1. Go over the candidates MET215, MET219 one by one and state the one that is among the hydrophobic types (A, V, I, L, M, F, W, C), touching a helix residue (DSSP H, G or I) at 6+ places or on another chain (Cβ under 8 Å) and in a loop (DSSP other than H, G, I, E, B).
2. Quick check on my filter: what residues within the stretch 63-95 are among the polar types (S, T, N, Q) and at pLDDT 90 or above?
3. Return the residues of the stretch 164-209 that are outside any helix (DSSP H, G or I) and of a type in the set (D, E, K, R); say none if nothing qualifies.
4. Hey, could you check the stretch 144-163 for residues that are assigned to a loop (DSSP other than H, G, I, E, B) and charged (D, E, K, R) and say which is most open to solvent (accessible area, probe 1.4 Å)?
5. Every residue in the stretch 234-257 that is closer than 19 Å to ASN153 by Cβ, part of a loop (DSSP other than H, G, I, E, B) and more than 17 Å from the chain's Cα centre (by Cα), please.
6. Return the pairs, sorted by first residue and then second, in which the second residue is part of a loop (DSSP other than H, G, I, E, B) and not polar (S, T, N, Q), the first residue lies in the stretch 196-221 and is modelled with pLDDT under 95, the beta carbons are less than 8 Å apart, and the residues are 6+ apart or on different chains.
7. So which residues in the stretch 269-293 are part of a loop (DSSP other than H, G, I, E, B) and out of contact with any helix residue (DSSP H, G or I) (no Cβ under 8 Å at 6 or more places or on another chain), if there are any at all?
8. Scanning the stretch 287-313 for residues that are in contact with a Phe, Trp or Tyr (Cβ under 9 Å, 6 or more places away or on another chain) and either modelled with pLDDT under 95 or more than 29 Å from ALA206 (Cβ to Cβ) (or both), which turns out surrounded by the most Cβ atoms within 10 Å (Cβ to Cβ)?
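The values are calculated or read from the model by the stated rules, or taken from the named source; none is laboratory data. Every value quoted in this text rests on a predicted model; they were computed, and no experiment measured them. Positions of Cβ are backbone-derived with ideal geometry, glycine not excepted, and every protein chain shown enters the neighbour counts. Heavy atoms of the whole protein, side chains included, go into the accessibility calculation; ligands, DNA and RNA do not. Shrake-Rupley method; radii C 1.70, N 1.55, O 1.52, S 1.80 Å.
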Amino acid sequence: MASTSITFCNALRTLSCSPRSIFNTQLHALQLIRSSRPIVFPSVSVIATDPSKFKCVRTKASMAETSTDNKKKVQVFDSEEDLAVSLAKYTADLSEKFCKERGSFTVVLSGGSLIKSLRKLVDQPYVDSIEWEKWHVFWVDERVVPKDHEDSNYKLAFDGFLSKVPITPGNVYSINDALSAEGAAEDYEICLKHLVKSNIIDVSPATGLPKFDLMLLGMGPDGHVASLFPGHPLVNEKEKWVTFIKDSPKPPPERITFTFPVINSSAYNALVVCGAGKAGPVQAALGNSQNFDKLPVQMVSAEVELAWFLDKDAASKL
């Protein structure tokens, strides 16, 4: 690659020669250069709030009930296992679509239970059929800790997913964990801007912001998305692509995160939510909630489609 590109992001860190650190060295080398009552279907679950806006589609009876409007699709699954099967197919289908259209597939991961829900991608038929070498992987948020720390979203994804599929190491874009929270956020935004200029990341014609192909998002029990928490000023950040937080209400306190303008400029966003402990925020976002303070999850949208993947426990209040 051209040496002039190296000026985009500081200097390459020297890492020990374990397999993981070799993986990290390669990826960092590239980084441095670049309201109404809900309708309930008794057969399975939930569907919509306004029948005039939704087209209901029955999928396999044992798996899910699906509803759609122009840009939103809601699926409720009988089990997390069924959800994981459907999520793998959804991701693989979009990978095929964008690899054909653009020659690459830009995917944004989050932490938490999402990585477990991606486990079907490392099995047949997907592990051999997906064009992994065309994937470019990012994080919607990250904890400012070393990459081998138990709180690292990078470590979670590497151990549970990335180490099990043949993604090109240089196409995995983690944060510079040697920097402060503020420095890491600035560095990551510079890297994204370079990748936009290099046409690795698409651009939204509507907003001029980076347009990732797919963001795979989780949600916390308080309704937070990425590291954008209820009532925190960062939910209203409009200028930065990537920002930082030093007072996260959930430990660890220091993190970086994409902002909502970038999240909502994604072509496809998938919200993957499981468990009864998250039923309240799901109800606020999709059901007949009386909560007048908008939760971060209610602020998520997408340019093409926002797809909800819910198990029946998460949808239990709908």
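1. Values: MET215 fails: in a loop (DSSP other than H, G, I, E, B).
Being among the hydrophobic types (A, V, I, L, M, F, W, C), touching a helix residue (DSSP H, G or I) at 6+ places or on another chain (Cβ under 8 Å) and in a loop (DSSP other than H, G, I, E, B) holds for just one of MET215, MET219, which is MET219.
2. Going through the stretch 63-95, the residues among the polar types (S, T, N, Q) turn out to be 66-68, 70, 75, 79, 86, 91, 95.
Those that are among the polar types (S, T, N, Q) and at pLDDT 90 or above: GLN75, SER79, SER86, THR91, SER95.
3. Step one: of the stretch 164-209, the residues outside any helix (DSSP H, G or I) are 165-168, 172-180, 198-209.
Hits for the stretch 164-209 are ASP177, ASP202.
4. If we take residues in the stretch 144-163 being assigned to a loop (DSSP other than H, G, I, E, B) and charged (D, E, K, R), then GLU150 is most open to solvent (accessible area, probe 1.4 Å).
5. LYS246, ASP247, SER248, PRO249, LYS250, PRO251, PRO252, PRO253, GLU254
6. ALA206/GLU303
7. Hits for the stretch 269-293 are GLY275, GLY287, ASN288, GLN290, PHE292, ASP293.
8. ASP311
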